[in-house]
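Some notes on the structure that comes next.
The values are calculated or read from the model by the stated rules, or taken from the named source; none is laboratory data. Just so it is clear, the model here is predicted, and its values are computed rather than measured. Using ideal geometry, Cβ is built from the backbone for each residue, glycine included, and neighbour counts are taken over all protein chains shown. In case anyone asks, the SASA skips ligands and DNA or RNA and just uses the protein heavy atoms, side chains included. Shrake-Rupley method; radii C 1.70, N 1.55, O 1.52, S 1.80 Å.
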2 protein chains.
Amino acid sequence: MPPRPARRPPTVEVLRLGHRAGRDPRLSTHLALAARALGAERMLLHPPDPDLAKRVAAVSARWGGRFEVVGCPDWRAAVRSFDGTSVHLTMYGEPLDRVAPRLRRAKRILAIVGGAKVPSAVYQLADLNVAVGHQPHSEVAALALFLDRVIGLPGPGAWPGARAEIVPMARGKRVRVPGAP
Amino acid sequence: MPPRPARRPPTVEVLRLGHRAGRDPRLSTHLALAARALGAERMLLHPPDPDLAKRVAAVSARWGGRFEVVGCPDWRAAVRSFDGTSVHLTMYGEPLDRVAPRLRRAKRILAIVGGAKVPSAVYQLADLNVAVGHQPHSEVAALALFLDRVIGLPGPGAWPGARAEIVPMARGKRVRVPGAP
């Protein structure tokens, strides 16, 4: 009997709620870049912020991959119509390490991350409410650990379509064009 | 022969460089709260920001533990005099998963996190330069994954001295006074 093929990790989309374009562009940018670096497919941003989407698109153009930020005017509809498992990250939820094995068997996951004040409807609309630790901290940290548990931390190497790639080293910085010596 | 006692995880302090009190208080706050929630002992902040330290102290007063933010006027001296292993988190460094086993055997670690522009001297002063993924992302995400690999994600339960504790649940929010029913 042929060996069972290794399971593909789930595809993960991120839904960022409560973005305030004027007040915290940097936090949502960090969230988007962490989502991209840790293997998410895209981030839905509510409310939409075309400037932020453009900045993140520039990162993908240089460093590769197909991650993008997409404006999401109606987040409730996005959660309801999502064809997979929706997971709200909140310090009040079930421990991550208890649900992670189940999540790794999912095909598609929508990871919902709010700011300080998320509408309470999220707790009802999401399939799961999951806590990454049970202390107040940061949605950026929570999303990073969530993606790590579900997808795993990507290793070195150029991403598809990249114009630049890092060569890991003990001291200093080295960036090269993929394929170049 | 008695069983060998389980190894204690290293104590970790965080040194945050390039904080800009006017511009990104929220990012440094997220960094401090992630450091606290994921088991670091304290965060040295350069340049110092007493307001931020006070806000984080209020979190520790409510949720327990002894984490604090300490102003650090001279970061070079802090790194040079650190009595343990100093680790600069940078996307240009060695892969985290390669050095993590060695780090877990350390007694004391200083995790150095910069903002977008870190002084190049950091690369020389730190004992190790370590990459949490090899893509641009967020120092909050990088620190979270670093602490997870070195210390591990804390489970539920009240922290010492806490006035509040979360009771994990599938839907909704529950906070109780530790020891109360």
**Prompt:** Using a Gaussian network for chain A with springs between C-alpha atoms less than 10 Å apart, which of these wobbles most: A:ARG42, A:ARG104, A:ARG55?
**Reply:** A:ARG55
**Request:** Using only Cα atoms, locate the centre of segment B:120-163 and the centre of segment A:110-181, then give the distance between them in Å, rounded to an integer.
**Result:** 13
**Prompt:** So what's the protein assembly as shown giving for Rg/Rh, alpha carbon basis, Kirkwood Rh from the mean inverse pair distance?
**Reply:** 0.95
**Prompt:** Reported to two decimal places, what Rg/Rh ratio describes segment A:101-156 when computed on Cα atoms with Rh from the Kirkwood expression?
**Reply:** 0.97
**Message:** If I take the Cα coordinates of segment B:43-132 and project them onto the principal axes, what are the three extents in Å, biggest first?
**Reply:** 37, 27, 24
**Prompt:** So what is the accessible area of segment A:111-181 per residue, in Å², with the probe set to 1.4 Å?
**Reply:** 40
**Request:** State, in square angstrom and to the nearest 100, the accessible area buried between chains A and B, both chains counted, probe radius 1.4 Å.
**Result:** 4600
**Asked** Which one of B:MET91, B:VAL150, B:LEU52 is farthest out on the positive end of the charge dipole of chain B, using unit charges on Cβ (Lys, Arg +1; Asp, Glu -1) and the Cα centre as origin?
**Response** B:VAL150
**Complete:** Computed about the Cα centre, the charge dipole of the protein assembly as shown from +1 Lys/Arg and -1 Asp/Glu charges at the Cβ has a magnitude in debye, to the nearest 20, of 500
**Pairs of lysines in the protein assembly as shown (C-alpha under 30 Å apart; 8 or more residues apart or interchain)** = 14
**Prompt:** For chain A, what is the charge dipole size about the Cα centre, in debye to the nearest 20, if Lys and Arg each add +1 at the Cβ and Asp and Glu each add -1 at the Cβ?
**Reply:** 560
**Expected 222 nm ellipticity per residue - DSSP helices of 4 or more, -39500 (n - 2.57), all of chain A, to 500** = -9500 deg cm²/dmol
**Message:** For B:VAL70, place a label point 7 Å from Cα along the Cα-to-Cβ direction in every copy; what are the distances to the other copies, in nm, shortest first?
**Reply:** 4.8
**Selected from B:ALA144, B:ALA126, B:ALA100 as most flexible by GNM, with chain B as the system and alpha-carbon contacts under 10 Å** = B:ALA100
**Fill in**
Plugging the Cβ-Cβ distance of A:LYS54 and A:ASP83 into 1/(1 + (r/R0)^6) at R0 = 35 Å yields, to the nearest 0.05, a FRET efficiency of 0.80
**Asked** Using the Kyte-Doolittle scale, which helices in chain A average at least 0.5 and also have C-alpha atoms spread 15 Å or more along the helix axis, with helices defined as whole DSSP H runs?
**Response** A:139-150
**Complete:** Once B:ALA106 and B:ARG23 are pulled to full extension, the length gained, defined as 0.36 nm per residue separation minus their Cα-Cα distance, is 26.4 nm
**Message:** Tell me the carbon and sulfur percent of the accessible area for the protein assembly as shown, rounded to whole percent, probe radius 1.4 Å.
**Reply:** 53
**Prompt:** Which one of B:MET43, B:MET169, B:MET91 has the biggest mean-square fluctuation once chain B is modelled by GNM with Cα springs under 10 Å?
**Reply:** B:MET169
**Complete:** Relative contact order as a percentage, segment B:1-85, C-alpha pairs under 8 Å and 6+ apart, gives 28
**Prompt:** If you place +1 on the Cβ of every Lys and Arg, -1 on the Cβ of every Asp and Glu, and leave all else neutral, what size is the dipole of segment B:79-181 about its Cα centre, to the nearest 20 Debye?
**Reply:** 380
**Asked** Computed over the Cα atoms of chain A, what is the ratio Rg over Rh, Rh following Kirkwood?
**Response** 0.99
**Message:** Could you compute Rg(Cα) / (2.2 N^0.38 Å) for segment B:1-91, with N its residue count?
**Reply:** 1.23
